[in-house]
Each structure stands twice: as structure tokens, then as C-alpha cells.
Amino acid sequence: MQINIPYWGEELTVSLPEQNIGEIVYPNTVEIRPEKEVLFDAFNNPVDSENFDDFMRGNEPILIIINDATRPTPNARIIDLFWNKIKDKDIKFLIATGDHREPSKDEYLELFGNHYSELEKKIFSHDSKNKEENIFIGKTENGTEVYFDKMVMNAKKIIYITSVEPHYFAGFTGGAKSFLPGIAAHKTIEQNHELALKGTAKALVIEGNPVRNDIKEAYDFIAKDKKIFSIQTVLNKDHKIYFCVCGETHKAFNLACEKAKTVFSVEIRERADIVVSVAPYPMDIDFYQSQKAIENGKLALHPNGILILVSSCRKGVGGESFIKLLSEARNPDEVFDKIAKGYKLGYHKAAKMAEIMKWASIWAYTKLEPELLNHIFIKGFRDLQEAIDASLREKGDEKILFLMDGSLTVPRIAPRILHKRKFIYSPADKKTKNHLKLDDLFID
């Protein structure tokens, strides 16, 4: 039987026996209303805020923050929708790159669509490593030294556009994450991301998540003396806008998270010995971003299983520090020893991967050289069919679970119902009737 797998905006086809095909998992299907209707409703009925038209009144300069090309946020479509309301205003755009590189020309065109040529001179890309461009504003309870881009610090009126999806250590993307890491200094991002090493920093968790708490506190430093209008979207599996909420950052974010769960928190029947986890476009931009598909894929994997990452990694490795750390370690345990001697940004990714490597195997089909992957304890393949066939040879006659949007989909095991087996006893053994044994219970 043939299975089509998304890859670099296209599809790959692999063949395998029908008895080896397990669950094929996508984000949940949700009902979609017309996009303009969803957005207009959100703009006109924001949470704990004046509506968009009232927010735009006056001649005060407005800074608009948008996500970079590593996120599926529909920036261009939203800009197009409110273009007539902003085109004559004193506006500037800031790309929330976090610690990523500046977008390429093609990526700028993708982010701004038909309006790029008009806006080109009004667009700026955040540079986390430029110390002169980032201003210190305080320290969080966790000790994170908060430096934000001076364009944000100098702005009195801010709009930001984001999308809310599960995030493997911040709980969810979106909300105040547009500010930390979005427009924060390298030092700030590094200190915040070190908190990802804590066990409570995981997908779908907001309350008690040290990374998210740190982000919220840093945002609150600046929010009190600025007018900020958030535009927070939730997309469906086809990157169409399913939900949008605007207004006050934290309340809007909490509403968006609940909607994001209905799309991306997906029930599976059981874990599998082989999981194929796909990082689709645009999350396949590099290995640094594609790691999220590994992190979500592990939730569907049995101990001693094989996790196969499928990602083009079209822009290469991405952050170098985690690759360097993994390649210099002799085994996964040594990764943690090195981190204990001093954390650097990106080490959290190495730690998350090393954790999996202690109980499972990671394989990968990417554009990266297999030799590079082999140096970091990942078995690299140049052909996906070869990887599929090899996994079945190694694990035997097992079913393969396919996670078709592994970057965003968080698998969870379906609740199991406890039943009592019919208990058969002889008259001579009636006393056992009232004693329920473990063997007498089973789970569907």
C-alpha cells in the first residue's frame, strides 16, 4: 500500500504492506468559517480592549511586530485585510526573529505579500546580538536579564500578529512569546531557554511552566505603559485561519490556547514501535526547527522504538551550538555532563534529543549529509523508502504510526475503559466470587 508524505511543499510516496500501516495522524479536523468573517469578528470584538478601529485613531506612530518565516503565521493575509486602515499611518514593521537570522528576500516577500515593495523601507529585522539595539529593562524572578529591542521600548502603540500552536517547552507559541524570544537580546533568550531543561517545561502546559512564566513576566515589564493590540490566530491543518482573538495579550492568549488544543492535541489508540514524524513546510526550514517533530513524535513511541524524522532541512542545520554539543559527546549521557558545566543557547535542544536517545533510536530522512547526522547519534538516510524498509527489518512485523504534522501535533493516548471480565467459578470455589483479581481486569 502507498502512503503520501508531505515534504518540502510537495509529497513523497512510500510503499509498505498493509499489515504494517498503523495510525496515520493529522491535526484534528475543525469547522472553518470564511477567513474575513473570522478576522473581522476578532478585530471588532477584542478581549479587554478597544476595537481595532478605535485603537488606530490618532496620528501616533505605530509599531507592528510579526513572526519570521519559521512560523506558519498568515502575516501577509492579515496585513492585506487591514491594509486600508494602516497604509496612511506612521507605521513601522519589526520582524520578531528571536535569535534567528534575518529573513531572506524570498521570505520577506512571503511575509508581506503584495505590500512588500511599498513597505520595504519601513521594515526592520530584530537583531538579538546587536548590543546597541537592545535595552535592559529589568530582571525576572528566575533571574533572566530582560533586554528588548529599542524600537519596542521607544514605541507607545504596538500591534503584533502571531499564531498559537503547541510548543514543546513553552507550552504554546503566541502571546507574549512575540516579545520573548521574539524581540529580546541573545542573553535574555539564552537565560529564558535554559529553563526548558526543567521537567515542567513541556507542550500544552502553561500553569507552572517556568519558561512561560518567565516570558509573561518579561512582557509585563513593558506592557504597563504602552497600548498593545494583539492579533492571535489559530490555524487548521491546512494553515487556514480557524480562530482569531484580539486584544489584551494574556486573556486573548488563554482563549487561543484552548482552541489550539482542539486542533493539535490529537488522540491516538496506542504507542507504536516505529513512528514517522514529519516536519512540514515551513517548519522544515532547518534541523534546529525540525527537532520539534522529534519531540512530539516521541509521545507516540514505545521504549526501544525507532523514530524517523522526515524534514527537508532546506536551510541546513540552523543553530550550531546544539549540533556541536552532540557531535563532541561520546554518548547521550555526556551531553548532560557538558550542559552541567555551562549552558549555551541551543543546548536545551541537545538535551531533549539526548533524553530520547537514551531509550529509543532516532533516524532521519533530510537534505543533510547522513555523515553529519551519524556524528550526533542519528542514523541518516538518503532515501525514505530505504529507511521505512530498514525499520521493519529491525523491528519485525510491526505497525508504523505516521505523524504527518509532527512539528505541531501533540499525540495523547486515548483514555482506556476498565471492564470487569465475566468471572466463572465452580460451586466449590464460590468464595472467590467476592475477590476481584488483577487478572480479572482488562483494558480495551
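The values are calculated or read from the model by the stated rules, or taken from the named source; none is laboratory data. As the structure is a computational prediction, the values presented were derived from the model and not from experiment. A quick note on method: Cβ atoms are made from the backbone with ideal geometry, for glycine too, and the neighbour counts reach across all protein chains shown.
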Report, by residue number, each residue of the stretch 145-174 that is more than 12 Å from GLN232 (Cα to Cα), of a type outside the set (A, V, I, L, M, F, W, C) and within 18 Å of the chain's Cα centre (by Cα). PRO166, HIS167, TYR168, GLY171
Is it the case that THR262 is of a type in the set (Ser, Thr, Tyr), buried (at least 24 other Cβ atoms within 10 Å of the Cβ) and out of contact with any His (no Cβ under 7 Å at 6 or more places or on another chain)? no
Could you check, for the stretch 141-151, whether at least one of its residues is in a strand (DSSP E or B), farther than 27 Å from ASN75 by Cα and free of Cβ contacts under 8 Å to residues at least 60 places away in the same chain? yes
Verdict on ALA364 being over 19 Å from VAL410 (Cα atoms), free of Cβ contacts under 8 Å to residues at least 60 places away in the same chain and either within 22 Å of the chain's Cα centre (by Cα) or in a loop (DSSP other than H, G, I, E, B) (or both): yes
Of these, LYS344, LYS358, LYS352, which one is touching a helix residue (DSSP H, G or I) at 6+ places or on another chain (Cβ under 8 Å), in contact (Cβ under 8 Å) with a residue 24 or more places away in the chain and either loosely packed, with under 14 Cβ neighbours inside 10 Å or aromatic (Phe, Trp, Tyr) (or both)? LYS358
Among the numbered criteria (1) surrounded by fewer than 15 Cβ atoms within 10 Å (Cβ to Cβ); (2) charged (D, E, K, R); (3) not assigned by TED's automatic domain parsing to the domain that holds ASP284, which one does ARG71 miss? (1)
Cβ-Cβ under 9 Å pairs, at least 6 apart or on other chains, the stretch 61-84 side over 27 Å from GLN291 (Cβ atoms), far side in a helix (DSSP H, G or I) and among the acidic types (Asp, Glu): ARG77/GLU35; LEU81/GLU35
Determine whether the stretch 348-357 contains at least one residue that is outside any helix (DSSP H, G or I) and out of contact with any His (no Cβ under 7 Å at 6 or more places or on another chain). no
Residue satisfying all of: in the stretch 7-37; in a strand (DSSP E or B) and loosely packed, with under 12 Cβ neighbours inside 10 Å; modelled with the lowest pLDDT among these: GLU10
Any idea which residue in the stretch 103-129 is farthest from ALA185 (Cα to Cα), counting only those that are among the basic types (Lys, Arg) and in contact (Cβ under 8 Å) with a residue 12 or more places away in the chain? LYS122
Return the only residue of PHE402, PHE336, PHE381 being closer than 30 Å to ASN192 by Cα and either modelled with pLDDT under 95 or not assigned by TED's automatic domain parsing to the domain that holds TYR168 (or both). PHE336
Lone qualifier among TYR116, TYR147 - being surrounded by fewer than 19 Cβ atoms within 10 Å (Cβ to Cβ), assigned by TED's automatic domain parsing to the domain that holds TRP83, among the aromatic types (Phe, Trp, Tyr) and in contact with a helix residue (DSSP H, G or I) (Cβ under 9 Å, 6 or more places away or on another chain): TYR116
